[in-house]
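Notes to accompany the following structure.
We did not get these values from a lab; they are worked out from the coordinates using the rules stated. Just so we're clear, the structure is a prediction, and the values are computed from it rather than from any experiment. So basically every Cβ, Gly included, is an ideal-geometry build from the backbone, and we count neighbours across all protein chains shown.
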Amino acid sequence: MGNGAPREYGNAGNGNRDNYPPTAEIGTEMGINSGGGDEKQEDLLYKAGMPNAKPMPTPLTSSLKFSSHGGEPFSKPALYRSLVGGLRYATITRPEISYAVNKVSQFMHCPLETHWKAAKQILRYLARTVHHDLRFQKSKDCRLYRFCDSDWGSDVDDRKSTSEFCVYLGLNLVSWSNRKQPVVFKSSTEAEYRSLAAGLTEII
């Protein structure tokens, strides 16, 4: 992560395309403050009525457990779905919020007040880190590095796990995933191995 613009874009001898930032070619921003495309992070804050939101240091409190039951329904479900949809789009260039966004995305059909509070915490985190971006830099290291983890049985409703992995090419993050597993794992070891297998499949 970082901020600021890169000093150059490729070699001038490769044609006119190198006179423009890579953003125009691959749809994501390299070395430029990112805002998640059309749904910019600032726009999400304004849509939620939080232009002056109090910044938060983390996108989600790790001890929180979410459920579809036992809470008061959020009065504006359409707003919730719109904002969470924008947050999902923002993960294209803000992978560190993927886990938190995955959690709040599971309640799009009938959000509760607790889910809305969690979504607002993600927005407050973005308010603190709005100038962070995903950067790609030159590196002589062409090795692939994979990191994976699993949150075993984290869903209190169905006891399904959440698996995540990220893949680096040298110093650059090139792929990441965070998803709820379709089946219940009998142990944390099985959940970890499934996460490991998903990351390995991505590399292959």
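Candidates in segment 68-95 are the residues that are part of a loop (DSSP other than H, G, I, E, B) and more than 21 Å from the chain's Cα centre (by Cα); of these, the one that is nearest to ASP155 (Cα to Cα) is SER68. Does at least one position in segment 47-67 carry a residue that is in contact (Cβ under 8 Å) with a residue 60 or more places away in the chain and touching a Gly at 6+ places or on another chain (Cβ under 9 Å)? Within segment 47-67, not a single residue is in contact (Cβ under 8 Å) with a residue 60 or more places away in the chain and touching a Gly at 6+ places or on another chain (Cβ under 9 Å).
Restricting attention to segment 64-114, the residues being in contact with a Cys (Cβ under 8 Å, 6 or more places away or on another chain) and of a type in the set (Lys, Arg) number 0. Scanning segment 129-143 for residues that are surrounded by fewer than 16 Cβ atoms within 10 Å (Cβ to Cβ) and under 21 Å from the mean Cα position of the chain (by Cα) yields a count of 2.
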